[in-house]
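This report refers to the structure that appears directly beneath it.
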Amino acid sequence: MKIRQVYQLPPDKQKDLDYLVRLEWWNLGFRISIVGVLALVLGSSQAMRVAWFEDMLSLIPPIAFLIAMRYRNRPPNAIFPYGYQRATSIAFLCAATALALLGGILLLDSLLKLAKMEHPSIGAVELFGTTFWMGWLMIGALIYSVIPPVIIGHLQMKAAKKVHEKTVFVDGKMSKADWMTGLAAIAGIVGVGAGLWWADALAGALIALDVTKDGVTNVKEAVGDLLDRRPRFTSKAEPEHLAEELEEQLCAMGWVASAAVRLREEGHIFSGEAFVVPHSDENLAQHLRDAAQFLNHYDWRIYEVVVTAWPSEN
């Protein structure tokens, strides 16, 4: 049985991927610091609690990505002849599932607090001989929790597009939108300070709803990839048209009467099959080898396309 070779990115794409890995380490470091800062000022605020849980969840995508990077380049073997390229797709699914489940739990918890009309209290703390309203410290911590993710999220999305890395792209997209979470939590804390008891739980529910929505959307995307759905490019919801391009290239070859190509995603790369109907059987074996070599070097995202002759219906 023929075993696949380890997929090697082009040098420029490998450089982009190395940058993305370094960026994820920075992202993980900042997120750990954010979780620590929020834990220090958590108090009894539901909005703060949900924001803290969201930041705890935000540790999953970079950790999953960095772990998957240790596996994805392992060489194929007799047990896993297709290799380990889908390790990042599994990481993507794990992160999305955790996001959806905990988002739903937090949403239910916030709605129950609204139904029970629980009145949260935000006390005072003494620092350097001065008494501060705890809410100001919470707001300061929330502002810090927003700034690094927004900046890093923008960098993640740009870098992930270059290497078709969906796990990091989606993480960056959520990070870029973190300002809404911070703003909602701040509004809830200010509302409690103004005597609006329901503002805190309502802010928590809105944050949890956004977390749940992101989780469900990403679960659908990850499951689609694992079910060999037609490939989609990182930043687009519509199908990738690379298969049609390959069909056109095959049909342009003089010995091909017609052709059909199907592709699937394996992490950040594509694999699939090409079925060609030749005009004749003359030099067919050589034509098939040449076509396979051409297709496998057509686009950097293509890992392996197997070309097979299909008999004519005539």
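Okay, here's what the table says:
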{"item": "Count of region 117-135 residues which are charged (D, E, K, R) and either in a helix (DSSP H, G or I) or modelled with pLDDT of 80 or more (or both)", "result": "0"}
{"item": "Residue selected from region 301-314 under the condition hydrophobic (A, V, I, L, M, F, W, C) and surrounded by 14 or more Cβ atoms within 10 Å (Cβ to Cβ), by the criterion nearest to the chain's Cα centre (by Cα)", "result": "Ile302"}
{"item": "Looking only at region 263-288, and only at residues there that are in contact (Cβ under 8 Å) with a residue 24 or more places away in the chain and in a helix (DSSP H, G or I), the one that is most open to solvent (accessible area, probe 1.4 Å)", "result": "His287"}
{"item": "Residue within region 139-151 that is over 19 Å from Glu54 (Cα atoms) and touching a Ser or Thr at 6+ places or on another chain (Cβ under 9 Å) present", "result": "no"}
{"item": "Region 273-314: number of residues that are at positive phi and at pLDDT below 90", "result": "0"}
{"item": "Filter pass, Asp171 being at pLDDT below 75 and open to solvent by less than 20 Å² (accessible area, probe 1.4 Å)", "result": "no"}
{"item": "Looking only at region 240-262, and only at residues there that are surrounded by fewer than 18 Cβ atoms within 10 Å (Cβ to Cβ) and among the charged types (D, E, K, R), the one that is nearest to Asp228 (Cα to Cα)", "result": "Arg262"}
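Table: residues versus (1) closer than 16 Å to Gly153 by Cβ; (2) touching a Phe, Trp or Tyr at 6+ places or on another chain (Cβ under 9 Å); (3) at pLDDT 85 or above.
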site	(1), (2), (3)
Leu17	no, no, yes
Trp25	yes, no, yes
Gly36	no, no, yes
Gly43	no, no, no
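The values are calculated or read from the model by the stated rules, or taken from the named source; none is laboratory data. Computed from a predicted model, the values in this text were never measured in an experiment. All Cβ positions, even for glycine, are placed from backbone atoms using ideal geometry, and neighbour counts span all protein chains on display. Quick note on the areas: whole protein, heavy atoms, side chains included, nothing else; ligands and nucleic acids left out. Shrake-Rupley method; radii C 1.70, N 1.55, O 1.52, S 1.80 Å.
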